[in-house]
Amino acid sequence: MVKLSSFDSEIEQARADAAALHDQSSWLAQALSALPTDATETAFSQETVQFTQLQALETDFQARLLKLINGFGTRADAAYTAFDRVDHVTGPEKFIAFFTRRTAVSFKVARARKLEIADSLKVILLEAAAVHGLLQDRKEQATVLRSAVEPNLVASMEARRGVVAAMDDARQRDKTLAASLATLRRKITDAQDEARLNQWKAEEAEAAAQRETVLSERKRLGTAHEVLNQQAVLLGNIIDLLNQEISLHVLLLNTLNIEAERCIHLYDAAFGSLGPLLADAKPEVPSAAGGEVPAPLAVFGELLTLHGQGIVTLQDIQARKHRADEALLSRLNASTGMAD
């Protein structure tokens, strides 16, 4: 079997991507958590730029995860092909067998080939377990962050409703004052009595001052409304992005589990049992320092138990893989359509 390169570097880069994604989304959520006071229309310009960068980080992270999971599938396919060819006899092997009067592929050779395949499958499973843990951790982080952001969106929308009510009140007062000023100015124009003229001019000056105050308030409220709009849009965008990430991670975890099942099924056939894998799937194993550390294949413990009981068939795995691939493709196509 041709040895395929491991994905250690890709997995490490995925971990770095996940950390950057968590830091960026947490910073944004914190920056948008407080209601703005005396803000200008450009209050959230930095946050808008940061959200665009967050979207780019999310795109890169998802692309790397897809590359890893597709790579596991490709390597599993190669292992299945190699297993089907364990007893394949090459031309030179036939030639040697003819003169030595031995079988072209001995039991020992076939067994060695199967063990090599089993070793490669275990490597795939160990790497898949690392990606599974990464996906699960990021999914949980996104879920927690979403729960923290949602109340802030509600508070922002409540504040905006209050500002809208104040804007309506100020608009009505402005309308009343404008009508009063028009009446007073008409009276001043037609005035014949000096005393009444002076009285109306004083009332006009007072009404004009009141209207200036109302106009200033309307301007302030308009700016506050725009700022709250920006805050609500950004908070809503963050929630949408987190929801999309969580739903995609559910599909990716399902796809990853199915690829793991393919490897487990073939490992059982190649090695002859699931013993070594089950040993690596125990909840905890002793460490060199005397403590306990999580088992490398603990995330696949339930799957290994089911396969060990012999109640999962390859046909069942292939059917679920087909459905999972279709669901993931449909989800990615939908995401591409929304991006366009």
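The values are calculated or read from the model by the stated rules, or taken from the named source; none is laboratory data. Because the structure is a prediction, the values reported are computed rather than measured. Because the Cβ atoms are built from the backbone with ideal geometry, glycine has one as well, and the counts that use them run over all protein chains shown. Keep in mind that these areas ignore ligands, DNA and RNA; they rest on the heavy atoms of the full protein, side chains included. Shrake-Rupley method; radii C 1.70, N 1.55, O 1.52, S 1.80 Å.
Tabulated results
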| read-out | value |
| --- | --- |
| Any chance residue 185 is in contact with a Phe, Trp or Tyr (Cβ under 9 Å, 6 or more places away or on another chain), open to solvent by 80 Å² or more (accessible area, probe 1.4 Å) and of a type outside the set (Phe, Trp, Tyr) | yes |
| Cβ-Cβ under 9 Å pairs, at least 6 apart or on other chains, the range 254-269 side under 12 Å from residue 320 (Cα atoms) and part of a helix (DSSP H, G or I), far side β-branched (Val, Ile, Thr) and open to solvent by less than 10 Å² (accessible area, probe 1.4 Å) | 255/69; 256/69; 256/131; 258/317; 259/69; 259/124; 261/317; 262/317 |
| Unmet criterion (only one of (1) under 26 Å from the mean Cα position of the chain (by Cα); (2) more than 30 Å from residue 29 (Cα to Cα)) for residue 269 | (1) |
| Residue 154 being of a type in the set (Val, Ile, Thr) and either open to solvent by 50 Å² or more (accessible area, probe 1.4 Å) or more than 26 Å from residue 235 (Cβ to Cβ) (or both) | yes |
| Counted residues, the range 188-198 - those being open to solvent by 90 Å² or more (accessible area, probe 1.4 Å) and of a type outside the set (D, E, K, R) | 2 |
| Long-range neighbours under 6 Å by Cβ, at least six apart or interchain, first residue under 15 Å from residue 204 (Cβ atoms) within the range 168-179, second in a helix (DSSP H, G or I) | 177/207; 177/210; 177/211 |
| Matching entry among 264, 239, 258 (being surrounded by 17 or more Cβ atoms within 10 Å (Cβ to Cβ), more than 30 Å from residue 59 (Cβ to Cβ) and modelled with pLDDT of 95 or more) | 264 |
| Complete set of residues in the range 293-317 that are touching a residue at least 12 places away in the same chain (Cβ under 8 Å), of a type outside the set (A, V, I, L, M, F, W, C) and either in contact with a Leu (Cβ under 7 Å, 6 or more places away or on another chain) or at positive phi (or both) | 296, 307, 308 |
| Verdict on residue 59 being modelled with pLDDT under 95, more than 14 Å from residue 256 (Cα to Cα) and surrounded by fewer than 17 Cβ atoms within 10 Å (Cβ to Cβ) | yes |
| Identity of the residue in the range 8-36, under 28 Å from residue 162 (Cβ atoms), touching a residue at least 12 places away in the same chain (Cβ under 8 Å) and not small (Gly, Ala, Ser), that ends up most open to solvent (accessible area, probe 1.4 Å) | 27 |
| Matching residues in the range 117-146 - criterion: being open to solvent by 20 Å² or more (accessible area, probe 1.4 Å) and over 20 Å from the mean Cα position of the chain (by Cα) | 119, 120, 122, 123, 126 |
| Qualifying residue in the range 244-252 (condition: out of contact with any helix residue (DSSP H, G or I) (no Cβ under 8 Å at 6 or more places or on another chain), closer than 19 Å to residue 47 by Cβ and open to solvent by less than 10 Å² (accessible area, probe 1.4 Å)) | no |
| Tally, over the range 131-186, of residues that are among the hydroxyl-bearing types (Ser, Thr, Tyr) and within 30 Å of residue 16 (Cβ to Cβ) | 2 |
| Residue 182 vs. criteria free of Cβ contacts under 8 Å to residues at least 12 places away in the same chain and not aromatic (Phe, Trp, Tyr) | yes |
| Those residues of the range 168-177 which are surrounded by fewer than 17 Cβ atoms within 10 Å (Cβ to Cβ) and not charged (D, E, K, R), in sequence order | 172, 176 |
